[in-house]
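**Student:** The structure follows.
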Amino acid sequence: MNVDLITKDDLEKFKKELLEEIRSYQQYPRKKGEETRVWLKSYEVRKLLSISAGTLQNLRVNGTLPYNKIGGLILSL
């Protein structure tokens, strides 16, 4: 049975390598001068638009409001 010890430095190095790799696979790289998109949580969108949770869901379903789901978190543009 092989036993490998992982040090804190090993984990830090792995973290840096992983983040660099993730950034290199960015699907839509930003163009120079392009403003960054701001993603809002559902409660922020509801408050901003003064709408209910049901109305927000309807806007997502019919394609009026673009959104992304990351895990259990839904973010809107």
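Nothing in this text is a laboratory measurement; each read-out follows from the coordinates by a stated rule. Being a predicted model, the structure only gives us computed values, none of them experimental. Virtual Cβ from ideal backbone geometry, glycine too; neighbours counted across all protein chains shown.
**Student:** If each residue of separation counts as 0.36 nm, what is the full-extension length gain between PHE14 and LYS41 once their alpha-carbon separation is subtracted?
**Tutor:** Net length gain for the segment: 6.7 nm.
**Student:** Still on this structure, please answer the following. Summing Lys, Arg as +1 and Asp, Glu as -1, what charge do residues with Cβ under 13 Å from the Cβ of ILE74 carry, ILE74 excluded?
**Tutor:** +3
**Student:** Non-local amide H neighbours of ILE74 (under 5 Å, H modeled in plane, Pro and chain starts lacking H): which ones?
**Tutor:** Amide H to amide H, under 5 Å and 5 or more residues apart or across chains, ILE74 pairs with SER42.
**Student:** Would you kindly state how much longer the chain becomes between LEU48 and LYS69 on full extension, computed as 0.36 nm times their sequence separation minus their alpha carbon distance, in nm to one decimal?
**Tutor:** 5.6 nm
**Student:** Could you give the nm distance between label points at VAL61 and ARG23, where each point is 7 Å from its Cα heading toward the beta carbon?
**Tutor:** Going by the 7 Å Cα→Cβ label model, 4.1 nm.
**Student:** Net charge around LYS15, counting only other residues with Cβ within less than 14 Å of its Cβ (Lys, Arg = +1; Asp, Glu = -1)?
**Tutor:** -2
**Student:** Now, a different point. How many angstrom lie between the Cα centre of the stretch 1-24 and the Cα centre of the stretch 52-77?
**Tutor:** 35 Å
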